[in-house]
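Following: one structure in structure tokens, then a few remarks.
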Amino acid sequence: MTLDQFRPHVKVYFDPLVRFAIRCRLTPNVLTIAAFIASAAAGLLFYFRLELWAVIAVAINAFCDAMDGAVARETKSQSLRGDFLDHAVDRYADIFIITGIFASGLVIWPIGVLALTGVLMSSYLGTQAQAVGVGRYYGGVLGRADRLVLIMLAGIATIVYPLTIFSLNWLGWLLLLFGVFGHLTAFQRFAYVWRKME
């Protein structure tokens, strides 16, 4: 269930935006920093219960996060520093957004912590695979693109159709899903890397 597999299919629609960004002299690092700022804004907006604006900020984060890599590839300006910055910003984005949701009281904190640890561990094991010589591995049931889209959908559902099932709203159920499937994804990645090191 990862949206990354659809990247080749949307490339034709994305390319004009990439070319426009290049004409505007937007570098990959500028777009990465923009993604960082948008994620911090999203966390604060969720905290202050401004869900509509939070969803918009998450969408900006997702857009800039997709654009930085695309611009780097198009301009052949990929670098270790850019890659390092991108991964650091992505982890902070996860922290800002998820913490903003449960710190606001929209979701109880144990579920928020479960979601946050699941997301961070799955992401960590994806890059740790490279550190042990296997190469990066982003397989599993829940990727970052999936999470961002689901947060936007749950945020919109919370605004348009507020609903509580077993004391959890849309965002509560979503973070529970993040926790369960995040740790499942982490386990899948761990098992894959472990087998590759034999």
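The values are calculated or read from the model by the stated rules, or taken from the named source; none is laboratory data. Fair warning: this is a prediction, and the values are worked out from it, not measured in the lab. All Cβ positions, even for glycine, are placed from backbone atoms using ideal geometry, and neighbour counts span all protein chains on display.
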Original post:
Which residues, taken from the range 139-185, are more than 14 Å from VAL55 (Cβ to Cβ) and of a type in the set (D, E, K, R)?
Top reply: ARG144, ASP146
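From the list ALA54, ALA38, pick out the single residue that is more than 26 Å from LEU163 (Cα to Cα) and either in a helix (DSSP H, G or I) or at pLDDT below 90 (or both).
Just a single option satisfies the conditions, and that option is ALA38.
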**OP:** Could you list all residues from the range 44-64 that are closer than 13 Å to PHE102 by Cα and among the aromatic types (Phe, Trp, Tyr)?
**Re:** PHE46, TYR47, PHE48
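Results for (1) within 21 Å of the chain's Cα centre (by Cα); (2) surrounded by 14 or more Cβ atoms within 10 Å (Cβ to Cβ); (3) without any contact (Cβ under 8 Å) to a residue 40 or more places away in the chain, shown as yes or no for each residue.
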{"position": "SER123", "(1), (2), (3)": "yes, yes, yes"}
{"position": "GLY135", "(1), (2), (3)": "yes, no, yes"}
{"position": "ILE151", "(1), (2), (3)": "yes, yes, no"}
{"position": "ALA157", "(1), (2), (3)": "yes, yes, yes"}
{"position": "VAL160", "(1), (2), (3)": "no, no, yes"}
{"position": "THR185", "(1), (2), (3)": "yes, yes, no"}
{"position": "ARG189", "(1), (2), (3)": "yes, yes, no"}
{"position": "VAL193", "(1), (2), (3)": "no, yes, no"}
**OP:** Give the range 81-121 a look and list any residue that's assigned to a loop (DSSP other than H, G, I, E, B), surrounded by 20 or more Cβ atoms within 10 Å (Cβ to Cβ) and either under 14 Å from the mean Cα position of the chain (by Cα) or not polar (S, T, N, Q) (or both), or say none.
**Re:** LEU106, VAL107
Original post:
Would you say GLN78 is out of contact with any strand residue (DSSP E or B) (no Cβ under 7 Å at 6 or more places or on another chain), polar (S, T, N, Q), at pLDDT below 90 and in a helix (DSSP H, G or I)?
Top reply: no
